[in-house]
Amino acid sequence: MEIRAVIPMRPLTFGELLDAAVSLLRAQAPLLLVAALVLAGCEQALLYPLREWSDTQLPYFGPHASRFGESWVAFCIGISSEATIIALLGGLAGAAAGPGLLGRPTRARELLRQAGGRALPLLVVALATAALVFVTSLVGLLSFPLVFGLLGLAAPALVVDRVGPFRAIGRSFKLAGKGLRGAAIRVGGYVSWALIRIALGLGASALLEIWLRDTDVVYTIAMIAIWALIDAVAYATLACIDAVLYLEVRMRVEGLDVAIGRLRRLGRPIDLANSVILGAAVR
């Protein structure tokens, strides 16, 4: 699948940013959605015993009142697993976002090779994200949105700028924290998709209770499968939002679009890595 300038070369409004993220997802839908579905399926399989232990009932919307302590831990682990998956997919989306901005044809296997070359640092970013999100959500949800928002640009920075995992996290905090605009957009996208997922989950649960009223095992398997499908679409979309947002914030903060335009006028090769493109633009 090829990408041809699906991301505008200018600072974007919130609506334009979401449109660009959806365009990026459409351009690489087979790769991103399959990867998201595999990760979402593994997540459901790993979380199911934890939810059974905590007595968290389907369709898994939040802590259970009668066993609040255990179900709160399970809830926070679930949030952490979501953040981890979005970070991992953010590496793939980041690999796709560069060609999407420059209008360069890129196939899925090339993106896999690019992201695969950064697999170990990307795993470090994902695990660091999981740890920070788990701790902040466990002690109270008031601190969770800020940390979640500030971490969103780390995976795209890792792949696009080819920096180390801790520098990528630092760049994410710096860029997303600039006026907190980037962090707010990421949190807004997550909340929007959380509401969509809850609505779809409630609808699916209601239908399955009608069709599979007397078959608890089949109902449970079907509900888990539906959750994996819903989450896969949400995770892939949120990863694309992160990737587009990273480039868009760089345009606003670092003049990325101006630098690319100058390099094109000079006929010089364009490399989106921060140290290369900004250094070449001022020579």
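The values are calculated or read from the model by the stated rules, or taken from the named source; none is laboratory data. Given the structure is predicted, the values throughout are model-derived calculations rather than measurements. Backbone-built Cβ (ideal geometry, glycine too); neighbour counts: all protein chains shown.
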Looking at (1) more than 26 Å from residue 26 (Cα to Cα); (2) in contact (Cβ under 8 Å) with a residue 12 or more places away in the chain; (3) not in a helix (DSSP H, G or I), which is the only condition residue 142 fails?
(2)
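Residue-by-condition table, conditions (1) under 16 Å from the mean Cα position of the chain (by Cα); (2) part of a helix (DSSP H, G or I); (3) at pLDDT 90 or above:
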| residue | (1), (2), (3) |
| --- | --- |
| 85 | yes, yes, yes |
| 128 | yes, yes, yes |
| 149 | yes, yes, yes |
| 167 | no, yes, yes |
| 175 | no, yes, yes |
| 178 | no, no, no |
Scanning region 39-58 residue by residue, those among the polar types (S, T, N, Q) and more than 18 Å from residue 222 (Cβ to Cβ) turn out to be 54
Going through (1) charged (D, E, K, R); (2) under 20 Å from residue 28 (Cβ atoms); (3) without any contact (Cβ under 8 Å) to a residue 60 or more places away in the chain one by one, residue 104 fails only at (3)
Give me a count of the residues in region 89-124 that are surrounded by fewer than 22 Cβ atoms within 10 Å (Cβ to Cβ) and either assigned to a helix (DSSP H, G or I) or of a type in the set (Val, Ile, Thr) (or both).
14
